[in-house]
Amino acid sequence: MKRFLIISLIFISCYNVERNCSDFRTGVFEFSTNFNDSIIKSTFTRTENFEIELFNEIKDSSSIRWVNECEFILTKLKPRNNQEKRPIRINILRTYGNSYDFEYSQVNNPQKINRGTVRKLSD
């Protein structure tokens, strides 16, 4: 049993998740997530300081503040209600090819974390 545990720990410690977050700081992206048992998608353009999203024919802009290489805070520039005034924390969990998996939550409600996938369409 000890041998199995030691071998398991060796394999787990050798596993390293790829996170090339700098590849995803700017560009044109497509976001998809599962919401109420259906997949929703939007496209957005990200610069170093701003993100402009198009969802259901509605354009929305946010400022970006990078916390570290793989984490940033989005704040709506023109919020339409109190909920949109709350910043969103985005944490890139894993990158692969032209996509990344991430988790997001409101800054003031870190207990409710959602996940999604983003695919980079162009630079």
The lone condition Lys41 fails out of (1) under 27 Å from Glu18 (Cβ atoms); (2) open to solvent by less than 80 Å² (accessible area, probe 1.4 Å) is (2)
Could you list all residues from segment 104-117 that are surrounded by 14 or more Cβ atoms within 10 Å (Cβ to Cβ) and either in contact (Cβ under 8 Å) with a residue 40 or more places away in the chain or not in a strand (DSSP E or B) (or both)?
Gly116, Thr117
Got at least one residue in segment 68-76 being open to solvent by 60 Å² or more (accessible area, probe 1.4 Å), more than 18 Å from Thr45 (Cβ to Cβ) and in a strand (DSSP E or B)?
yes
Matching residues in segment 50-67 - criterion: being outside any strand (DSSP E or B) and either closer than 15 Å to Val107 by Cα or among the polar types (S, T, N, Q) (or both):
Asn56
Quick one: Asp101 ticks every box in (1) acidic (Asp, Glu); (2) in contact with a Leu (Cβ under 6 Å, 6 or more places away or on another chain); (3) open to solvent by 60 Å² or more (accessible area, probe 1.4 Å) bar one, so which box is it?
(3)
Exclusive hit being of a type outside the set (Gly, Ala, Ser), modelled with pLDDT under 95 and under 13 Å from the mean Cα position of the chain (by Cα), set Gln106, Gln111
Gln106
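The values are calculated or read from the model by the stated rules, or taken from the named source; none is laboratory data. Since the model is a prediction, treat every value here as computed from it, not as a measurement. Cβ atoms come from the backbone with ideal geometry, glycine included; neighbour counts cover every protein chain shown. For accessibility, only protein heavy atoms count, side chains too; no ligands or nucleic acids. Shrake-Rupley method; radii C 1.70, N 1.55, O 1.52, S 1.80 Å.
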